[in-house]
Amino acid sequence: MRHYEVTFIVDPVLSGDEIKSAATTYVDHLKGEGSEIVHINELGLRELAYPINKRNSGVYYCVEFTSETGDFIPKLELAFRRDERIMRFLTVKLDKYGVKYNADKRAGLINEFKPKKKKSEEPERKERDRRDRKKEAPAKEAPAKEGASVKEGTPEVSATESGSPE
Amino acid sequence: MANKKEDIKFLSNPNIGQSRKKYCRFKKYGIKYIDYKDAEFLKQFVNEQGKILPRRITGNSLKYQRKVSTAVKRARHLGMLPFVADLLK
């Protein structure tokens, strides 16, 4: 038994019913080909990192299925390509670790990854040094430079910068 | 010969910053699969411009660095990670 996972993105401008029908047509297509559907994961509406087909968001679906052979995969992909409602798709063959990972994720054993915030002290130190050095520089150039250079500065920092040279 | 250590004098300890040994987090924690759909997790291996970080920075072993690389590329294809960015993090 081969395990596959197909993730596809449906156009978000369609009505909710059309989006669901688009997803279910492919699920039925898979069932028709004789594959067993393990899980259908609706990741829902998500922002895209870059525009695809001039859209900035999409509805993600992830279907995990098994089958004896992979003969129908090219047919499935052709159907995805022809369908105008599907913006992107990706079919992946899962190895045993991938299968285990998905099973554990469904069972809730895998915690969501949360990035640790280490950026509490260092930027403040750097901002302080920059402020002291730039007070010596001509006052005209200071506001323009500060506005352009401060990337992660909090609103308080930028407010004081505009206030002090005046 | 007896004063070898005392001859070379440094202002600060030369071993500063060397106590943290880099290790492959996948080997250490027994993680065998890297999910390409987990964009937050993959952002650890990518710099502010969206480029994949080299192995010597992240400390990954070759096997897992390749897996991370394919996962990032798949995530990019699916629009979960950008190809090019600035101020990603």
In this structure, is residue A:43 among the hydrophobic types (A, V, I, L, M, F, W, C) and touching a Leu at 6+ places or on another chain (Cβ under 7 Å)? no
Take segment B:60-71 and flag every residue that is buried (at least 17 other Cβ atoms within 10 Å of the Cβ) and either on the phi > 0 side of the Ramachandran plot or small (Gly, Ala, Ser) (or both). B:71
Filter result for the condition that a residue is without any contact (Cβ under 8 Å) to a residue 24 or more places away in the chain and either at positive phi or of a type outside the set (Asp, Glu) (or both), over B:53, B:42: B:53
Could you please find all residues in segment A:79-119 being touching a helix residue (DSSP H, G or I) at 6+ places or on another chain (Cβ under 8 Å), modelled with pLDDT of 90 or more and of a type outside the set (A, V, I, L, M)? A:80, A:83, A:85, A:88, A:89, A:91
Please verify whether segment A:12-32 includes one or more residues that are under 22 Å from the mean Cα position of the chain (by Cα), within 14 Å of chain B (Cβ to nearest Cβ), in contact (Cβ under 8 Å) with a residue 12 or more places away in the chain and within 28 Å of residue B:82 (Cα to Cα). yes
Considering every residue within segment A:55-69, establish whether at least one is among the small types (Gly, Ala, Ser) and either without any contact (Cβ under 8 Å) to a residue 60 or more places away in the chain or within 14 Å of chain B (Cβ to nearest Cβ) (or both). yes
I'd like the residue in segment A:70-103 that is basic (Lys, Arg) and in contact (Cβ under 8 Å) with a residue 60 or more places away in the chain and, out of all such residues, is farthest from the other protein chains (Cβ to nearest Cβ). A:85
Of the residues in segment B:12-32, those that are of a type outside the set (D, E, K, R), modelled with pLDDT of 90 or more and over 20 Å from residue B:53 (Cβ atoms) number 1
Of B:71, B:75, B:39, which residue is at pLDDT 95 or above and within 9 Å of chain A (Cβ to nearest Cβ)? B:75
Do the conditions hold for residue B:32, that is, is it more than 24 Å from residue B:20 (Cβ to Cβ) and surrounded by fewer than 19 Cβ atoms within 10 Å (Cβ to Cβ)? yes
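The values are calculated or read from the model by the stated rules, or taken from the named source; none is laboratory data. All values reported here derive from a predicted model rather than from experimental measurement. Here the Cβ is made from the backbone with ideal geometry for all residues, glycine too, and neighbour counts use every protein chain on show.
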